[in-house]
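I have a structure I would like to understand better, so I am pasting it below and will then ask my questions one at a time.
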Amino acid sequence: MQSQEINSKNVYDRRKKISVSDIISMKQRKEKVSVLTAYDYSTALICDKAGVDVLLVGDSAGMVMLGYSNTTPVNMEEMLLFCKAVSRATKRAMIIADMPFGSYQSNVSDAIKNATQFIKAGCEAVKLEGGKEIVETIRALVNAGIPVMGHIGLKPQTCSLWEGYKLQGKTKDSALKIISDAKCLEKAGVFSIVMELVVSEVTEIVSQNVSVPIIGIGSGSSCDGQVLVIHDMLGIYEDIKPKFVKRYGELSKLILDAISQYTADVKSSKFPEEQNIFHMRSEEFKELNKVLKKKRDKKIK
């Protein structure tokens, strides 16, 4: 077992940093792209060691890390803090930052300025939500040398303002819009596209007719890769349980049980135990007691 762990670590240390061209070539050779969200140093370290291809510092951090009811309130300062933490931990995985709501909608100049901050924070690319309406912004970012991942289908930053969290592409017209948006993003220069909560039939059409990798979340198995919020996948975040999430763990219960046991042990004086305690050398303790005794005797007199 120990030799296997050492060999695994050696392989991990030799793996090169994943780039935009690597992600594109994975579609060409029909290798699926694994994507997970990450928001902190410790989690990113584990994800990177496990071989995840892309770490998305998602604005979902607003919900699972900061307690917002949706992703809309997250700002640049908060997102940059998460990105810097993830970048310090990551050797191999590509890091992509979600540009928060309001950071790219006003004008192209602001979009470039804010995207540049993410690159300086250690990210290799940014992700923007939207189709035809943000093509000029995407083109400007790409021309400025900043790789862009698109995001169509359900758009969490604005869906609550319009129709809520609903399955996309169910009708002919909505399907045609998604397909058109995907083609527009491809022409604008994105290197990949997230498709969220889209019916599998439409996702398959897009995957077959667009040259860049399609990363699905709740959009079926025909995508070129998959992304999940790590707190959903590990069963840590309990407020929302999407149907499309496969639970690979139920860590919320494990953490709750562990913390409850800790609290009980503290209350009953079962923790700390002798193995958790540090002691002075007996000679030093004797000398300390002599000094303290002299001080007490002096006070009495």
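Using Cα-only point scatterers and the Debye equation, what is log10 of I(q)/I(0) for the stretch 141-260 at each q in 0.14, 0.22 Å⁻¹, rounded to two decimals?
-0.65, -1.22
Follow-up. Among the listed pairs K132/K155; K16/K91; K127/K155; K155/K177; K127/K241; K132/K183, give every one whose C-alpha distance is greater than 18 Å. Walk me through the numbers on the way to the answer.
Numbers: K132/K155 13 Å; K16/K91 8 Å; K127/K155 12 Å; K155/K177 14 Å; K127/K241 24 Å; K132/K183 9 Å.
In this structure, K127/K241 lie more than 18 Å apart at Cα.
Next up: Nearest 10 degrees is fine. How inclined is helix 41-50 to the longest principal axis of the chain, computing both from alpha carbons?
For 41-50 against the chain, the angle is about 60 degrees.
Same structure, new question: Can you give the helix-only mean residue ellipticity at 222 nm for the chain, where every DSSP H stretch with n ≥ 4 adds -39500 (n - 2.57) and the sum goes over all residues, rounded to the nearest 500 deg cm²/dmol?
Calculated mean residue ellipticity at 222 nm is -15000 deg cm²/dmol.
Follow-up question, since we're still on this one. Applying the Karplus parametrisation 6.51 cos²θ - 1.76 cosθ + 1.60 with θ = phi - 60° to the phi angles of the stretch 138-149, what ³J(HN,Hα) value in whole Hz is obtained for each residue in order, glycine and proline being reported as x?
Listing the rounded values in order: 4, 4, 5, 5, 4, 5, 7, x, 9, x, 10, 9 Hz.
Here are some values of Cα Rg over 2.2 N^0.38 Å: (i) 1.31; (ii) 1.05; (iii) 1.47. Which one was computed from this structure?
Read-out taken from this structure: (i).
Can you give the relative contact order of the chain as a percent, counting alpha carbon pairs under 8 Å and 6+ residues apart?
14
Rounded to the nearest 20 debye, what is the charge dipole size of the chain about its Cα centre when +1 sits on each Lys and Arg Cβ and -1 on each Asp and Glu Cβ?
Once rounded to the nearest 20, the dipole reads 1380 debye.
Explain nothing, just compute: Karplus ³J(HN,Hα) = 6.51 cos²θ - 1.76 cosθ + 1.60, θ = phi - 60°, for every residue of the stretch 24-31 in order, whole Hz, x for Gly and Pro.
The phi angles translate into 5, 5, 5, 5, 5, 9, 6, 9 Hz.
Just for the Cα atoms in the stretch 255-300, what are the lengths along the principal axes, largest first, rounded to whole Å?
So the extents along the principal axes, rounded to whole Å, are 52, 25, 12.
Let me ask something else. Provide the net charge surrounding C184, with neighbours chosen by a C-beta distance below 13 Å and charges set as Lys +1, Arg +1, Asp -1, Glu -1.
So the surrounding residues net to +1.
No lab work stands behind these numbers, since they all come straight from the coordinates. Predicted model only: the values in this text are computed from it and were never measured. Every residue, glycine as well, gets a Cβ built from its backbone with ideal geometry; the counts of neighbours run over all protein chains shown.
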